[in-house]
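Notes follow the structure.
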Amino acid sequence: MTQPRFAPSLSIVLTGSGGAGVMTAGQTLLDAATSCGLYGLMTRSTGPQIRGGEAAAMIRLSSRPVQCPGDRFDILLALDFDNVQRFAAELPLDAGSLIIADSGAGDLPDFLKASQAATAWLPMAKLAKSVKGGRVSMVALGALARLIGLPESSIVEAVAASIGRKKPEAVASSEQAVLLGAANAPEAKAPQLSLSGAAPGARWSITGNEATGFGAIRGGVKFVGGYPITPATEILEWMAHTLPQCGGVLMQAEDELASINMVIGASFGGAPALTATAGPGLSLMIESLGLAVASETPVVVVDVMRSGPSTGIATKSEQSDLNIAVYGLHGDAPHVVTAPLSISDCLLTAQWSVHLAETLQTPVIMLSDQSIGQARAVIDKPPNLSFGTQRLTMGANAENYARYALTESGVSPMAIPGAPGGQYTADGLTHNQKGTPSSQAQDHIGQLDKRQGKLDRFDFSAHWADIEGEGELAIITWGSSAEPLREAVEAARTEGIGVKLIALRLIAPAQPELLAAALAGAKRVVIVEQSHSGQFWRYLRAHYDLPADIVPIARPGPLPIRPGEALEYIRKAARS
Amino acid sequence: MNMIPDAVREFKPADYKSAVKPVWCPGCGDHSVLVSFQRAFAELGLPPEQIAIISGIGCSSRIPAYVNAYGFHGVHGRSLALASGLKVARPDLTVVVASGDGDGFSIGGNHFLHACRRNIDLTYIVMDNRIYGMTKGQPSPTTEPDWDTAIAPGGTGLSPFHPLVIALASGANFIARGFTGDVGGCAKLIIEAIRTPGFSFLQLLSPCVTFRPDQQKQWKSTVRTAVVPETDDPGRAARRLMTDDGFNVGVLYRGHREPYRPHPIADLDPARLEAEFEV
C-alpha cells in the first residue's frame, strides 16, 4: 500500500502521572513551536481522577494549519510510565516512532514494546534534581527540542512568557533545566520538525470552547445561564469573565432545567441569550426548548457532545446527540440545529447560531463536541464577520398589536417588556395571533404553519455547508468529522482520486435543494459520522434525495476519526 | 399608545384588566388574587408595560393572560428560573411570579430553594389550595396526609411541606401569608412584597371550590391576623413559623439581605477580547 501523502506534520505525545506537569509542558511546546511560525493542535487526555492520575498532552505541529489529530505519533515522551497503558488505544505508535523515557521509569510497558518503536533513555529526574527548582518536564522539553530541531531558546521564551517575568528565579531555573536536557539529549534518530515553510503571521491560539464563547459574544449575546458539565464548562468559565466586560451577565443555575428557563426569560426581556451544556443537560432542557419554539423565543443551546448514552464517557467525544437535537422535542417543533466544522469554525458557527436564533425567533441547538471544544489550535487570525439582520421588534405606535401575527416571512415583530402597547403573554399553550390561549383547530394549524414557514422560507445558503473538491465520489459529513476528511480528500487528490467533500454546518432544517445542487454529478456518496447507529446517515435518508449508491460509515467514539482512516474510506469507495 | 410621562400617569385597577376571560371555576380563590393584583398595581402606580408576570402550569399559573401586563406562561415548575433570567437581564421591570402548590413546591421545589437563596428582587406569589386542580384532584405537597384521593387511596400518609419554613431557611427576604377571602388584605401584602427588595414570598390560601369545597370553606373562620408583629430576626421567625398552624395571616418575616444583582462591568467592543488569543 502506498503511504498517504498528507501535509508534513510532527505528532508528539507527552505522558506522565498527575503533578508531573505534562499539560503545562505540552502547552509550552505548542507555544514554542508557534513562536517559530508553526501551526499546531493540542488535545488532552486524562484518567477519571479528579486530581492527579495519568495525563497525556497530544501535540501536532506543522507549517500548515492542522485542526485534527494525525494518524500516529512520531514521538512519545514519557516522564514516567504510571498507568500509561490506559492510553494505549489513543496512542498509535509504530516502528518509525521514537519513545523517549526516563531512565528510572522501569521496564517499557507491553503495548509500547509491541509498537516496535525505537527507545531512547534519559535520566530526566536525576538531571532535574541537579538544578535548584528544576523540573523534570523542562529537562524533557530541552532534550526533545534538541532532538527534533526546535530551537531551545523558543522553549525558554515560552516558559518565561507563561510564568511571567515576576518570577525571575523560576525562569532562570527553567532555562537551566531546558539547557541541561538539551545538552544531555540521548543519541537517537528522531523525526525532525520541518521548519521550512514556517512563517510567523497573525495567529490565534484558541480552544473550540473559547471560540464558541467568543463567537457568541460577537453575535451579541448578553445573557448566559449555565450549569457546570464536562466538556462544556469552559464555555461558561470563559464567558464568566469576558461577558460582563461586553455588557452582559452570566449566571450559574441550580440545574439545566433552570439554565434553559433563565435564558428563555432573559431573551423574553430582549437580551440575546445562550446556554452551554452536554448530552445529559440537553436531555433536561428538551421540554423547555419546546416552550421556546412555541413562544418563539430566541435562544442558543450549545451542546458540546460527549460519548453517550447516559453519563457515558464525559471526557471523550462522539457525534451521537444528533437524534435528540433534531427529534427530541415533543409535538411538531421546528427549530434549528447547527454544527461547527472545526475548532476555529466554532467562532463562525456560534455567531451564526445567535444570528439565526434572533432572526428566526427560534431555539438553535449548536452541536459542538469534546474533540473540538477542549482542543486548542493555533490558527490564522479569523475574519470578523457580521450578519446583518437581528431580532424583529415591535415598532413604536403599534396599534392593536398581535405578537403572533401571521406574516409573509412567518416572523412577527416581538414586543419587548417596557414597550407600551406591546403587552402580551408568551405561552406554551396553543394560542391565537394575539397570544391568547386557544384550543381551536384554526389557531393550532395557523401557528404550526407560521413556525414551520419561517424556517422553510429562510435562506440558509450562505453558511449551510462547506464544500470543497470535485469528483464523482462525494462525501457527506458533519461537525468535527469534517477536519480529518479534509486532510484525506487532499491526500486522495494526490493519488488521483477526485472527491467532493460536503460538510454540513446546518443539520436542521434540512436543505434538499442545496444538497441536490451540491451533489450534481456525484455517482457514489460516502456518509461519514462518529455514531454507533448511523444517526446522520438515517437523518439524510429521511430528508434528502440521495443517489442510490450510498456507503454509510458510522463508528462510535471515543477514538477520533484520523485522516488515514478517512483516506482509507475514500480509497475503498473509489476502488469498488 | 400612552405618551404621558409615567410620573403623571395614574392607574386604576381596570387598567390592568385584559380581554381574556379566566378559565377558573366560579368561586375559585384565584379570582380574588387577580383582583388583588389589579388593585396592588394601581396603588403602586406601575405602568402595565413595566410589569412582567411569570408562571408555570396549573390553575393559578393561568393568571398572566388575565392581566394587562407582559407575561410568560411557561412550562410546569420552572417559573422562578425564567423570572430570574428576566429580572437579571431587565432589572428595570417589576417581575411577579405566580404559582401554585404543585407547580411551586413539587415539580418546582428545587428552584424555590435556590430562588430564596439567590434573593433576586422578585415577588413570588403561590396560590395554595392544597390540591392539583387542573388534573382534577390529586394531593400536592401541602395536602393533609389523610385526604382520600383516587391516586392515593386513604391519603398519602405524608407530612405536608411547610413552604414558609423552607423559604426562611433558604434565605427569602420577605415571607407573608394571605387569604383570598380578604381581597384588600391580599392587595396590601402584594404591595408590601413588591416594595421589599430581594426575594419576597407570599403564600395566598386560595380555596378550591371544586375539589375541596367542604374542607376549605372552613378557612374563612380559621384564618386570623397574626397576633405577633412582623420580625426581622430569623431566629424568632423560625420559631414562629415552625409552630404556626398555617393560618396566621400577615407579614411574618422581613429581613435586610441585599438582593443579588449581577450586572455588566463594562460595555466594550468584543474586538477588545481578541488580544486574549493573539500569539
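Observations
- Built amide H within the under 5 Å cut-off of B:Tyr132, gap 5+: B:Gly137, B:Gln138, B:Ser140
- Within straight-line cross-link reach of A:Lys126, aspartates and glutamates at Cα separation under 16 Å, skipping those fewer than 8 residues along the same chain: A:Asp80, A:Asp102
- Stokes-Einstein diffusion coefficient of chain A, Kirkwood radius over Cα pairs, 10 °C, 1.306 mPa s, in µm²/s: 63 µm²/s
- Of all DSSP beta bridges confined to the range A:465-575, the antiparallel ones make up roughly 20%.
- Degrees, to the nearest 10: B:183-195 long Cα axis against longest axis of chain B: 30 degrees
- Label positions at B:Ala19 and B:Lys136, each projected 7 Å from the Cα along the C-beta direction, are separated by 3.2 nm.
- Dipole magnitude for the range B:1-118: computed about the Cα centre from +1 point charges on Lys and Arg Cβ and -1 point charges on Asp and Glu Cβ, it is near 180 debye.
- A:Val178, A:Val131 arranged by Cβ crowding within 10 Å, fewest neighbours leading: A:Val131, A:Val178
- Dividing the summed helix terms, -39500 (n - 2.57) for each DSSP H run of n ≥ 4, by the number of residues in chain A produces a 222 nm estimate of -10500 deg cm²/dmol to the nearest 500.
- Straight-distance crosslink candidates among aspartates and glutamates, where the alpha carbon sits under 17 Å from B:Lys12 and sequence neighbours closer than 8 are dropped: B:Glu43, B:Glu49
- Cα-centred dipole magnitude for the protein assembly as shown, charges only on beta-carbon of K, R (+1) and D, E (-1), debye, nearest 20: 640 debye
- Inter-label distance for A:Glu495 and A:Ser386, nm, one decimal - labels placed 7 Å from Cα along Cα-to-Cβ: 4.6 nm
- Debye-sum result for chain B in log10 I(q)/I(0), which assumes one identical scatterer on each alpha carbon, at q = 0.09, 0.13, 0.16 Å⁻¹: -0.42, -0.84, -1.25
- Across chain A, the relative contact order, built from alpha-carbon pairs under 8 Å that are at least six residues apart, equals 12 percent.
- Taken residue by residue and averaged, Cβ atoms of other chains lying within 10 Å of the Cβ of B:252-263 number 1.
- Local charge for B:Ser18 was computed over the other residues whose Cβ lies under 12 Å away, with Lys and Arg +1 and Asp and Glu -1, and equals +3.
- Counted charge near B:Asp101, where neighbours are those whose Cβ lies closer than 14 Å (Asp, Glu -1; Lys, Arg +1): -1
- Volume of the convex hull of the range A:53-137 (Cα atoms only), normalised per residue: 125 Å³.
- In terms of other Cβ atoms within 10 Å, B:His256, B:His76 run from fewest to most in the order B:His256, B:His76.
- For residues of A:246-256, the mean tally of beta carbons on other chains within 10 Å: 6
- The overall shape of the range A:205-380, judged from the alpha-carbon gyration tensor, is rounded, with an a/c ratio under 1.5.
- Distribution of pairwise C-alpha distances over the range A:392-458, 10 Å bins, in %: 22, 50, 27, 1
- Helix-derived mean residue ellipticity, 222 nm - over chain B, DSSP H n ≥ 4, -39500 (n - 2.57), to 500: -8000 deg cm²/dmol
- Taking every DSSP bridge with both residues inside the protein assembly as shown, close to 35 percent are antiparallel.
- Computed from Cα positions, the angle between helix A:256-268 and the longest principal axis of chain A comes to roughly 50 degrees.
- Listing A:Ser307, A:Ser576 from fewest to most neighbouring C-beta atoms within 10 Å gives A:Ser576, A:Ser307.
- Pairs from A:Lys500/A:Lys572; A:Lys222/A:Lys454; A:Lys129/A:Lys167 whose Cα-Cα separation, in the structure shown, is over 22 Å: A:Lys222/A:Lys454
- Cβ-defined net charge surrounding A:Ser194, 12 Å radius [Lys, Arg +1; Asp, Glu -1]: 0
- When you count the other C-beta atoms within 10 angstrom of each residue and take the mean per peptide, A:285-293, A:259-267, A:390-398 line up highest first as A:259-267, A:285-293, A:390-398.
- For chain A, the longest principal axis of the alpha carbon atoms and the long axis of helix A:168-183 meet at an angle near 60°.
Laboratory data are not the source of any read-out in this text; all were calculated from the coordinates shown. Keep in mind the model is a prediction, meaning the values are calculated, not measured. Because the Cβ atoms are built from the backbone with ideal geometry, glycine has one as well, and the counts that use them run over all protein chains shown.
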